[in-house]
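What follows is a single structure, written as structure tokens, with notes after it.
The values are calculated or read from the model by the stated rules, or taken from the named source; none is laboratory data. Just so it is clear, the model here is predicted, and its values are computed rather than measured. Quick reminder, even Gly has a Cβ in these numbers, built from the backbone with ideal geometry, and neighbours come from all protein chains shown.
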Amino acid sequence: MQRYKDPEARDKMNPFAEQEAWEEHQIGKSKLQFGSKDRKRSSDDYQYVFEDGIDFVKSSVIEGTQHEEDSDQEDIDEKDMLKRELQDERKTLPIYKFRDELLKAVEEYQVIVIVGETGSGKTTQIPQYLHEAGYTAKGKVACTQPRRVAAMSVAARVSQEMGVKLGHEVGYSIRFEDCTSEKTLIKYMTDGMLLREFLGEPDLASYSVVMVDEAHERTLSTDILFGLVKDISRFRPDLKLLISSATLDAEKFSDYFDSAPIFKIPGRRYPVEVHYTKAPEADYIDAAIVTVLQIHVTQPPGDILVFLTGQEEIETIDEILKHRTRGLGTKIAELLICPIYANLPTELQAKIFEPTPEGARKVVLATNIAETSLTIDGIKYVVDPGFCKIKSYNPRTGMESLLINPISKASANQRAGRSGRTGPGKCFRLYTSYNYMHDLEDNTVPEIQRTNLANVVLTLKSLGIHDLVNFDFMDPPPSEALLKALEQLFALSALNSRGELTKTGRRMAEFPLDPMLSKMIVASEKYKCSDEVISIASMLSVGNSIFYRPKDKQVYNSWKETDYSTQWCYENYIQVRSMKRARDIRDQLEGLLERVEIEISSNASDLDAIKKAITSGKNGSYRTVKNPQTVTELKPDWLVEIAPHYYQLKDVDDTGTKKLPKGQGRAAL
Ligand code: CDP
Ligand code: MG
């Protein structure tokens, strides 16, 4: 057992030391109302709401009513204990009371907007209700999720509840991983995967219901799906559409879907005390660690959920917490640390759902995934540093980056709500109440307004949608970003000068990759190095868990910037599981090469050939050779050789910069 010999170090470790730093702030009473007023409910239901709550407008609302328990309706498999237990559990979920009402509404209306508190059972139960009601006899039920982990985890849960093997009747499909079969009736998938399915099946004929879940997240793919499903619903009156959301912006969805009715599921809400720090925290990682320990030592039983921005932060805190609790030895109760983020191996993900043993406390270190996509039972305390990683895009430079940004008020309130699901909770915000009031935006900007649209434009074009300006976007992207996307696709030869899809573009669209990577693969045919190039593409697809800073000097300097942190080094080692994932991806890319009829050919000795293929995948966004963002050295005259339609010798100076002719790309609109 490790003890702190130095008393000062021990004091630093004393979780009580900073206890007074909290300022308590009780949040106001509900302005929000759910469902029928005359239905009986506990007074707790309304307690947890926010001063800045949105007033609910009651146009075209289907009121939920009490569901009479009817044991005949559930065909319980008596043999299977777990299944039976789970079946009982299903009946305790808030949504259960509205089962029949909901099914009636689905029968009556083609499109329904469903709103319900996170954890009420929308994602796991609705597809099962639809299955039980016979919808799967007519076609699959799709349920989209913005996050891979959520798709996998809910599919696993639902397969357990139904007592079937994952991948059989219940499956999931995420990029580079298809866990479905001929038997699959309920299919959880990322919104991006459903978008890709339109390529092979433009009317989604094999589906009877599409549930666009977590609609409030407004991911790019979800926003595009809205337009596509709205379109096909017109000529497929048999296709049911459910748009479900955890927040109360349902009206906007209803308006978009031609005044679709809104079905509200009242959640269980308990009061949540919100605590703010008195002064801004210089280091939220450190503040989060101290807060977790403080809660652990001073607060009654109940698990803790900490919101972090990504894997690296989670791993850092995981390690430090382990170290510190070891330091405190038996003075404190056991603290189980459970990380959850997108790339966490599936086996480890299950750990967060395991019940906490008596006498211990669980701390879940999560990304935004735990904000609304996943519900972890037993959480009583939320630690909210107030940040998340969000994609931002500069259409002028064409560069996209993931930046750590303050969250919105809506997010902060969702996060706080995670603590009050099974009983009264507490939320510790690692920022001041002033910050909350004055610095946070009300809502997160939809992704479509802050992202590179090249991929979407390519997908839409390959779906035969040419008129992008008149595409029915819920919130249209900035026209500058659309133009930039068209220009990029033209530079990559995916579109011709009239903005039409080329053969190259059609081939590129087959790959579930960024257009630059797809182009690099398609171009590798010419340079006979597809073998090497798909390896490169698959390595790049697993992201920075393999490559961090490729140049020695940069690695060294970044290390220096962190004051030669050991933790930083640890994070930058190559990870076996990332390599395995790269191998999986590579296998799939190999399969796709066959589909677009590109032979596998190796040309490892000709580095220039490989570089040229890579260069083909570059466009305006990597226009300067000297720019540190350029991943490989290239020769300016190659640009003329590779993309004569885009670069001419006179255009290319010694930095490889190209001046775009006026009005370029406009024709495509
Ligand atoms: O979608 P919504 O937030 O309304 O709820 P859900 O995801 O369907 O979750 C309903 C319940 O299922 C939660 O309260 C969890 O207790 C449970 N669940 C679980 O135990 N394991 C999962 N992987 C997913 C849900
Ligand atoms: Mg859900």
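When Leu185, Leu195, Leu166 are screened for being closer than 27 Å to Gly378 by Cβ, away from ligand 2 (no atom under 16 Å from the Cβ) and of a type in the set (A, V, I, L, M), only Leu166 passes.
Assess whether Gly378 counts as being surrounded by fewer than 20 Cβ atoms within 10 Å (Cβ to Cβ), touching a strand residue (DSSP E or B) at 6+ places or on another chain (Cβ under 7 Å), among the small types (Gly, Ala, Ser) and under 23 Å from Leu93 (Cα atoms). Yes: the conditions hold for Gly378.
Residue by residue, here is whether (1) more than 16 Å from ligand 2 (Cβ to nearest atom); (2) farther than 28 Å from Asp384 by Cα holds:
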site: Asp249; (1), (2): no, no
site: Ser254; (1), (2): yes, yes
site: Ser259; (1), (2): yes, yes
site: Ile265; (1), (2): no, no
site: Tyr270; (1), (2): yes, no
site: Thr277; (1), (2): yes, no
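For the range 431-467, a tally of residues being within 25 Å of the chain's Cα centre (by Cα) and more than 30 Å from Ile285 (Cβ to Cβ) returns 12. Note on the range 204-214: among residues that are at pLDDT 95 or above and within 26 Å of Ser254 (Cβ to Cβ), the one that is nearest to the chain's Cα centre (by Cα) is Asp213. Of all residues in the range 337-352, those that are in a helix (DSSP H, G or I), within 16 Å of ligand 2 (Cβ to nearest atom) and in contact (Cβ under 8 Å) with a residue 40 or more places away in the chain total 1.
Here is a check on your reading of the model: is Thr309 surrounded by fewer than 20 Cβ atoms within 10 Å (Cβ to Cβ) and of a type in the set (Ser, Thr, Tyr)? It is false that Thr309 is surrounded by fewer than 20 Cβ atoms within 10 Å (Cβ to Cβ) and of a type in the set (Ser, Thr, Tyr). Take the conditions (1) under 21 Å from Ser493 (Cα atoms); (2) at pLDDT below 75; (3) within 28 Å of the chain's Cα centre (by Cα); Leu592 misses just one of them, which is (2). Here Asn557 does not qualify as within 29 Å of Phe176 (Cβ to Cβ), at pLDDT below 70 and assigned to a helix (DSSP H, G or I). Filter the range 443-453 down to the residues that are crowded, with 19+ Cβ neighbours inside 10 Å and in a helix (DSSP H, G or I) and list them by number. Those that are crowded, with 19+ Cβ neighbours inside 10 Å and in a helix (DSSP H, G or I): Glu447, Ile448. Please go through the range 111-151 and give me each residue that is at pLDDT 95 or above, acidic (Asp, Glu) and within 14 Å of ligand 1 (Cβ to nearest atom), ordered by number. If the condition is that a residue be at pLDDT 95 or above, acidic (Asp, Glu) and within 14 Å of ligand 1 (Cβ to nearest atom), then no residue fits.
Among the residues in the range 221-232, are any among the aromatic types (Phe, Trp, Tyr), over 28 Å from Arg421 (Cβ atoms) and out of contact with any Lys or Arg (no Cβ under 7 Å at 6 or more places or on another chain)? Scanning the range 221-232 turns up at least one residue that is among the aromatic types (Phe, Trp, Tyr), over 28 Å from Arg421 (Cβ atoms) and out of contact with any Lys or Arg (no Cβ under 7 Å at 6 or more places or on another chain). Among the criteria (1) modelled with pLDDT of 85 or more; (2) surrounded by fewer than 22 Cβ atoms within 10 Å (Cβ to Cβ); (3) closer than 30 Å to Ile232 by Cβ, the one Met437 does not fulfil is (3).
Per the listing Lys97, Lys138, the residue uniquely more than 16 Å from ligand 2 (Cβ to nearest atom), over 28 Å from Ile232 (Cα atoms) and more than 24 Å from the chain's Cα centre (by Cα) is Lys97.
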